[in-house]
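Have a look at the structure below before the remarks.
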2 protein chains.
Amino acid sequence: MPLNATLERVEIELGDRSYPILIGNGLMDDPESYDALPAATSAMVVSNTTVSPLYARQLCTVLRKRFRSVHLLELPDGEAHKDWPTLNLIFDALLSHGCDRKTVLFALGGGVVGDMTGFAAASYMRGVPFVQVPTTLLAQVDSSVGGKTAINHPLGKNMIGAFYQPQLVLCDLGTLATLPARELSAGLGEIIKYGPIYDMAFFDWIEANVDALVARDPEALAHAVKRSCEIKAEVVGQDERESGLRAILNFGHTFGHAIESGLGYGEWLHGEAVGCGMVMATRLSQRLGGVDEAFVTRFTALVERAGLPVVGPALGVERYLELMRIDKKSEGGEIRFVLLERPGSAVMRAAPEALVREVLVECCAV
Amino acid sequence: MPLNATLERVEIELGDRSYPILIGNGLMDDPESYDALPAATSAMVVSNTTVSPLYARQLCTVLRKRFRSVHLLELPDGEAHKDWPTLNLIFDALLSHGCDRKTVLFALGGGVVGDMTGFAAASYMRGVPFVQVPTTLLAQVDSSVGGKTAINHPLGKNMIGAFYQPQLVLCDLGTLATLPARELSAGLGEIIKYGPIYDMAFFDWIEANVDALVARDPEALAHAVKRSCEIKAEVVGQDERESGLRAILNFGHTFGHAIESGLGYGEWLHGEAVGCGMVMATRLSQRLGGVDEAFVTRFTALVERAGLPVVGPALGVERYLELMRIDKKSEGGEIRFVLLERPGSAVMRAAPEALVREVLVECCAV
């Protein structure tokens, strides 16, 4: 598949909040990409200081053909700024430009920009339209699908947010050319996730193509993004508000959030923490009989080949447990995990604390 | 109707987000009032420093029969505190108590407490259940119905929020006994509103009973709350997201928000600003031919008898126009008003600026 391949399209079916994900090369510059958006006089592109110099000019140029006024806002880059003061910069800009309730927000960047812009769109005047233009592999396969938006609180990650669907997601594969290697690996971690929890055929495909993915082979990346979005769309379409099935998408996240929170947000990338967290969750699944030792070895090797850490940081067992107890998935103080019942199928459940302690000792540095 | 009258009940029909409004005396203390709530281990009552000493103890006592842990949070009182730092006190408390995504929030107070607690419930872990226990007449007839939640921004009122429905609204008429006279009048302003925009028979009833309402006659208040909730429920049920019909509920609000914002939030009560704003909107409607001079006189007299101001503060015409242009209802810089087509029927529309200027000159102090 050449880089100027035929556009791929994944439909997220959510009744009157359905929207398409467009996947392809050069989508951002194509005025037709925006044809389905509602009419409005103004748009605001929200980006960060890293991505904006690379892509904001071209996005604003094409949007000016459609909107009478197009504003650009650059946020500071990084998970450490996924907080209220930074979110408030978006509200300040929207209000100072006189943006109304039809103004369309464009999130141009990775997951942090997407989560914050989405929550700003959900909350500004109680909801304005928004478009995700994810420029990282992680955001293309994960945070642009599912309508989760949020900011962090000093006491926990993603604690304040909304379920809010975009009008459109544009995954322009051209933007992956400038992605740092660590961030590419972080995105691969999320792609790998879909194998053990849902689709072992896709897992086999990733295993066969992981070197091509790491080398940014466009054909491999296009398939990986498309298939990941399809799987997530299937899962989210069945369970928009995360009451049941959707929870399996948090595979690796209970451990991963503890790693991120314990090290301080931004030390490890989210995808790195989740990658390592998946190894720990797979090990815990093995302790509970869901998968065998050979699968743990095979899975760990794939995560490592994707360029991700497979040994947790030395936070200490008690600190891990404390951090996991305030995770959103905990209920009544009980820590819950997404665990593999068998390769290709996951379930959310609690685990005996003694086993969790053993896994923490086994999987973390000392 | 004695104060221990049979419970009134208004159903808000919104599909899977439907909820009941219970109206009666002593509802708060009746454990059965809470029977339909989802099971949860914890609850948090959010109130303010004025209302909490009056009613929080009794509410917490009854809730402790149902929830294993019940926390109480007192916010500073007043519209001036309807801001992010105060909202964040709710998130701080929820997280520091380890509240999970099933925790039920109870808003015990007036519109400010209801709006903030509702937005906190909408946003905490992307949404937890909440119950409105409005203790002002204004909140009982207005802010507890319709799912609007929000905080203010320095550049505009209610600019950051969500549409989010409660599980239950308890209008305990017993709480109106402690309400200051100014706040009672503010609530009457919202009740009067439903006449000219929707139901002239109700308007006639209010006109005949306004002295009884001002004297806090329980029978009159019970009917006024019930009928206002019914009308608002009818309107909101047809238009949850405020795309069309629902906008008529903002009668008086374009002028009223300008008054509140221009004087500084808290100087006039919201209901006072809306009461005066309705007089101005009625005058503007007369200029456009929707109602006659006699109706303006009749309407103005009723607002005055309810104890509300009927002359706008001397902000100056240009300042009024500037403030109204950043109102949420404006689109593309054009100011929009809810205006009377005839007594009993309203519509949202723009008005010629020259007429708006004339009305501002005529209806405001100099």
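Being more than 14 Å from every other protein chain (Cβ to nearest Cβ) and in a loop (DSSP other than H, G, I, E, B) is a property that A:Arg66 has. On the stretch given as the range A:177-214, residues that are of a type in the set (D, E, K, R) and not in a helix (DSSP H, G or I) total 1. Residue check: B:Phe255 meets all listed conditions (1) free of Cβ contacts under 8 Å to residues at least 12 places away in the same chain; (2) more than 23 Å from B:Asp172 (Cα to Cα) but one, namely (1). Does B:Ser143 fit the bill of being among the polar types (S, T, N, Q) and either away from chain A (no Cβ under 14 Å) or touching a Pro at 6+ places or on another chain (Cβ under 9 Å) (or both)? So B:Ser143 fits the description; yes. Within the range B:181-219, the set of residues being within 20 Å of B:Met348 (Cα to Cα) and over 19 Å from the mean Cα position of the chain (by Cα) comprises just one member, B:Met200.
Each row is one residue, and each column tells you yes or no for (1) surrounded by fewer than 21 Cβ atoms within 10 Å (Cβ to Cβ); (2) within 14 Å of chain B (Cβ to nearest Cβ).
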| residue | (1), (2) |
| --- | --- |
| A:His270 | no, no |
| A:Cys276 | no, no |
| A:Ala281 | no, no |
| A:Thr297 | yes, no |
| A:Pro309 | yes, no |
| A:Arg325 | yes, yes |
| A:Val338 | no, no |
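Residues considered: B:Lys65, B:Lys102. Of these, the only one that is modelled with pLDDT under 95 and in contact with a helix residue (DSSP H, G or I) (Cβ under 8 Å, 6 or more places away or on another chain) is B:Lys65. Inspection of the range A:111-126 finds a residue satisfying the criterion of being in a strand (DSSP E or B) and either under 12 Å from the mean Cα position of the chain (by Cα) or at pLDDT 95 or above (or both). For the range B:159-171, the candidate set comprises residues that are crowded, with 24+ Cβ neighbours inside 10 Å and more than 14 Å from every other protein chain (Cβ to nearest Cβ); within that set, the residue that is farthest from B:Phe299 (Cα to Cα) is B:Pro166.
Evaluated against (1) in contact with a Leu (Cβ under 9 Å, 6 or more places away or on another chain); (2) over 30 Å from A:Ile231 (Cβ atoms), A:Gln140 falls short on exactly one condition, (2). Return the total of residues in the range B:93-112 being of a type outside the set (Val, Ile, Thr), within 14 Å of chain A (Cβ to nearest Cβ) and closer than 23 Å to B:Asp29 by Cβ. Total satisfying the criteria: 1.
The listed residues are B:Gly289, B:Gly316, B:Gly307, and the only one of them that is in the same structural domain as B:Gly244 (by TED's automatic domain parsing) and within 26 Å of the chain's Cα centre (by Cα) turns out to be B:Gly307. Every test in (1) among the β-branched types (Val, Ile, Thr); (2) within 14 Å of chain B (Cβ to nearest Cβ); (3) not in a helix (DSSP H, G or I) is passed by A:Ile90 save one, and that test is (3).
Are any of the residues in the range B:145-158 crowded, with 24+ Cβ neighbours inside 10 Å and over 17 Å from the mean Cα position of the chain (by Cα)? No: the range B:145-158 contains no residue that is crowded, with 24+ Cβ neighbours inside 10 Å and over 17 Å from the mean Cα position of the chain (by Cα). Going through (1) at the interface with chain A (Cβ under 9 Å from one of its Cβ atoms); (2) in contact with a Lys or Arg (Cβ under 9 Å, 6 or more places away or on another chain) one by one, B:Leu184 falls short only on (1).
The values are calculated or read from the model by the stated rules, or taken from the named source; none is laboratory data. As the structure is a computational prediction, the values presented were derived from the model and not from experiment. Neighbour counts are summed over all protein chains in view; Cβ atoms, including those assigned to glycine, are modelled from backbone coordinates with ideal geometry.
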